[in-house]
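Data first, discussion second: the structure below is written as structure tokens.
The values are calculated or read from the model by the stated rules, or taken from the named source; none is laboratory data. Keep in mind the model is a prediction, meaning the values are calculated, not measured. Cβ coordinates were reconstructed from backbone atoms using ideal geometry, including for glycine residues, and neighbour counts include every protein chain displayed.
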Amino acid sequence: MKYLALASGLIAATAAVADTPVLTIYTYDSFISDWGPGPAVEKAFEAECACDLQFVGAGDGAALLGRLKLEGARTQADIVLGLDTTLTHDAIATGLFAPHSVSASYDLPVTWDDAYFVPYDWGYFAFVKNADQDGPSNFRELADSPLKIVIQDPRSSTPGLGLLMWVKAAYGDQAPAIWQGLADNIVTVTKGWSEAYGLFLEGEADMVLSYTTSPAYHLIAEQDDSKAAAAFDEGHYMQIEVAGKVAATDQPELADKFLAFMVSDAFQSIIPTTNWMYPAVIPADGLPKGFETLIHPAKSLIVPVDMADAVRAQALEEWLTALSQ
Amino acid sequence: MANRPVAIRRALPGALAAACVAAFVASALGAVLWFAGGGGWPDAADWAALRFTVMQAGLSAVFSVTLAIPVARALARRSFPLRGALIVLLGAPFILPVIVAVMGLLTVFGRSGIVSDFLALLGLPKLSIYGLHGVLLAHVFLNLPLATRILLQGWQDIPAERFRLAATLGMGPAQIQRFLEWPMLRATAPAALLAVFGMCLNSFAVVLMLGGGPKSTTLELAIYQAFRFDFDLGRAATLAAIQALLVGGVVWIALRFTRLDGQGAGMDRPRHIWGAGSRWLRLQDTLLIVLAALFLLVPLGAVVLRGVVGLADVPPSVWGAFGASVSVALVSTVLAVVVSLWVAIAALRWGWTEVLATLGLSVSPLVLGTGLFLMVNPWINPARLAFAVTALVNAVMLIPFALRVIAPALRAIEADYGRQADILGLTGWARMRLLILPRARRGLGFAAGLAAAMSMGDLGVIALFADPHQATLPLQMYRLMGAYRMEAAAGAALILLGGSLALFWIFDRWGRGDAKA
């Protein structure tokens, strides 16, 4: 009898699991790490959706899109979270995404009217330095200074690509000359953000390419105010991180529900101190204490989504030529 | 590769295993090509990347092995307290995740490292490590221990009787070099060269970081670009195939140049540290050992120090990851060592089996991972296979290294005792149990230790298979770094280092267990 009870219990449990709809979200690896937003987001959404939220991690934004292309319409993903505006045009061209119906009053420095993707956070690329170090106020000053910087390779890293777009957006045709000027400031180029940031913390360079929000981590999580971002007067390039619904999803309503949840306070208030970016919609409680110390770029730069592909190919070519000499 | 006749029946399992390894690699490449609808043709930049990749790997191999020869010889002919511990510790750099090892190296040679600080005291400019010389320095740092260990194995396999005879005949170091050491090096140095060459071929993060920028673009980075930037899988697969062919060719050439004379059988007498030699020779050896130890252990000390500080910040999930990594390492070690032993037997008859089994060395991790993903994904959720795929891929990538150690040992055994065993009718399992396993034990233990340690440190090709709930230790360490938690990551690196060294020590110790027999 005991076994029977156990067996019927198991059957009931399986049935309960089978009844719970599963929402599968593909995202980049750092989103779902123990220190990223993933665990808290999962908990908050499951509390209100009567569903099972499952994250699948895949490298970074570019790897994420690559994976989706490999899987095509057969993908398990209902939502892809973690692309940015250098990738969205390419992503829409795959035909794998469906338009969304979310509207929100975004606190973005630019207006957002993309039919396929919903933004969840954003940030400015910036060079991070020690607070007591005088920073240059633009790329030309940096090129003329003896300051040493570490950057990431645009072929393997999202911030690396961001810097390419930044210089291109700020200087257009003069970008190759800027890169030639910067060549002797660049200590080295790394595969990813972690290596570069590690080198900077080791004292291998005076500045590292990161985000304006990086000093907030040191201030809030480590009570360390020794890091600051250098404000550049030609403006800072923006990274806007977005999520979209996969057209072939078997959970369209749930996916819509998640995208709406994503711009609500419950999700947005998790972002600043886990992803260390600005929330797309500032929650009712405002930003965490410490964010007010960050620099506010006077100008926001971004390459329009539909031009991103062409610009990035040209910018890479120029970058490789300038730095391979 | 004129080999002793080995019955086909004995060679068959190894040949099959080698064919399986090659088929595994080829089908992954094929899956990518099939998905891409054909190959793409590399452009000028890709060819430049290929040339640079081969050049840096070749130079790294030559430098590492050239430096390893005197160090291994000094270690072989000197005995001193803690010699065993030193030898194990010297192996540490190549099992660390490269990023950790390089950070350690930078505390000595970096812009704000010890050497630069010292130069600044003298009023001299800072040392710049970034450039081809930096790449070579890092590769020597990472691979000198590997080469030294492979060569040291060769020295230890020279029977004590040979040295005794040499002493009786009044041979000096020069003659010992000519009659005993040179033939041994002809057998083991190509193996060491190959192993280092293979390690450096896919090393892309280190080359980029210390090479100073895009002029140090390796083939793996070109493959990254084809995959991430252009989503040109055809080109990525073609590049991977070119690299595989190239490595196949290099392996084949290296094996042709390997002399397989064997040292002749001995009675397994305990080794005397024969004729300590002149005072000058002793001084030279001591100096070499001290220099090598300083070069390898000072950066390592920096890694340990930083790790100890970070240990307090290490979150509990790191320990779970540690368990996962140890299990993966054990499974892939057993697989790699068993297959290598089979292939080593088969290679006595058919040299090409060794070439086939070495293909795992050459294939781009990104392309291999993508190919496997394409094959698996239509049938099973890849995340459910995370453990199996990691263990399998690690094994395939470790076989070349295990084989470099096991194959020469097996050739020596067969050359020295094969005829006798044939006459005695010792075949099948009995031959394995009575002759091969006991005599190859030292090599097997070392190969297993190497495989286990490398498998712990390997982040591998599994990004596409990652299980969100169970990361391996290196992956967890990278996640910590990616979340600004550099101190905790340093702690995790120390745990990884400790675990890898412990596994290495256990297997290697088992191998040396009968040294006194």
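Could you please find all residues in the stretch B:69-104 being among the aromatic types (Phe, Trp, Tyr) and over 17 Å from the mean Cα position of the chain (by Cα)?
Residue satisfying the conditions is B:Phe80 alone.
From the list A:Ala177, A:Ala170, A:Ala196, A:Ala205, which one is touching a residue at least 40 places away in the same chain (Cβ under 8 Å) and surrounded by fewer than 23 Cβ atoms within 10 Å (Cβ to Cβ)?
When all the criteria are applied, what remains is A:Ala170.
Touching a Gly at 6+ places or on another chain (Cβ under 9 Å) and either modelled with pLDDT of 90 or more or within 11 Å of another protein chain (Cβ to nearest Cβ) (or both): does that describe B:Ile129?
So B:Ile129 fits the description; yes.
Test A:Gly162 against the stated conditions and say whether it is closer than 21 Å to B:Tyr224 by Cβ and not assigned by TED's automatic domain parsing to the domain that holds A:Gly66.
In short, yes.
Looking at A:Leu199, A:Leu164, which is the one that is in a helix (DSSP H, G or I), hydrophobic (A, V, I, L, M, F, W, C) and closer than 19 Å to B:Gly482 by Cα?
Sole residue among the options that is in a helix (DSSP H, G or I), hydrophobic (A, V, I, L, M, F, W, C) and closer than 19 Å to B:Gly482 by Cα: A:Leu199.
Pick from B:Ala191, B:Ala226, B:Ala195: which is in contact with a Lys or Arg (Cβ under 8 Å, 6 or more places away or on another chain), of a type outside the set (Asp, Glu), part of a helix (DSSP H, G or I) and within 30 Å of B:Thr107 (Cβ to Cβ)?
B:Ala195
For every residue, the table says whether it meets (1) in contact with an Asp or Glu (Cβ under 6 Å, 6 or more places away or on another chain); (2) crowded, with 18+ Cβ neighbours inside 10 Å; (3) farther than 30 Å from B:Trp280 by Cβ; (4) modelled with pLDDT under 85.
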site: B:Leu142; (1), (2), (3), (4): no, yes, yes, no
site: B:Ala147; (1), (2), (3), (4): no, yes, no, no
site: B:Trp155; (1), (2), (3), (4): no, yes, no, yes
site: B:Phe163; (1), (2), (3), (4): no, yes, no, yes
site: B:Thr168; (1), (2), (3), (4): no, no, no, yes
site: B:Trp182; (1), (2), (3), (4): no, no, no, yes
site: B:Ala192; (1), (2), (3), (4): no, yes, no, no
site: B:Val207; (1), (2), (3), (4): no, yes, yes, no
site: B:Ala226; (1), (2), (3), (4): yes, yes, yes, no
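For the list (1) more than 11 Å from chain B (Cβ to nearest Cβ); (2) farther than 16 Å from B:Met103 by Cβ; (3) not charged (D, E, K, R), I need the number of the one condition that A:Val208 fails.
Checking A:Val208 against (1) more than 11 Å from chain B (Cβ to nearest Cβ); (2) farther than 16 Å from B:Met103 by Cβ; (3) not charged (D, E, K, R), the one that fails is (2).
Picking from B:Ala138, B:Ala166, which residue would you name as being within 13 Å of chain A (Cβ to nearest Cβ), touching a residue at least 12 places away in the same chain (Cβ under 8 Å) and in a helix (DSSP H, G or I)?
Being within 13 Å of chain A (Cβ to nearest Cβ), touching a residue at least 12 places away in the same chain (Cβ under 8 Å) and in a helix (DSSP H, G or I) holds for just one of B:Ala138, B:Ala166, which is B:Ala138.
Using the structure shown, decide if A:Leu287 is crowded, with 20+ Cβ neighbours inside 10 Å, under 22 Å from A:Pro215 (Cα atoms) and away from chain B (no Cβ under 14 Å).
No.
Check A:Ala183 against each of (1) more than 10 Å from chain B (Cβ to nearest Cβ); (2) in contact (Cβ under 8 Å) with a residue 60 or more places away in the chain; (3) over 19 Å from the mean Cα position of the chain (by Cα) and name the one condition it does not meet.
(1)
Scan the stretch A:158-187 residue by residue and report those that are under 24 Å from B:Arg111 (Cα atoms) and among the small types (Gly, Ala, Ser).
A:Gly160, A:Gly181, A:Ala183
Since A:Asp225 meets every condition but one in (1) more than 25 Å from A:Leu316 (Cβ to Cβ); (2) facing another protein chain (nearest Cβ under 9 Å); (3) in a loop (DSSP other than H, G, I, E, B), which condition does it not meet?
All conditions are met except number (2).
Out of B:Met209, B:Met184, which single residue is within 14 Å of chain A (Cβ to nearest Cβ), of a type outside the set (Ser, Thr, Tyr) and either closer than 18 Å to B:Ala48 by Cα or in a helix (DSSP H, G or I) (or both)?
After ruling out the rest, the residue left standing is B:Met209.
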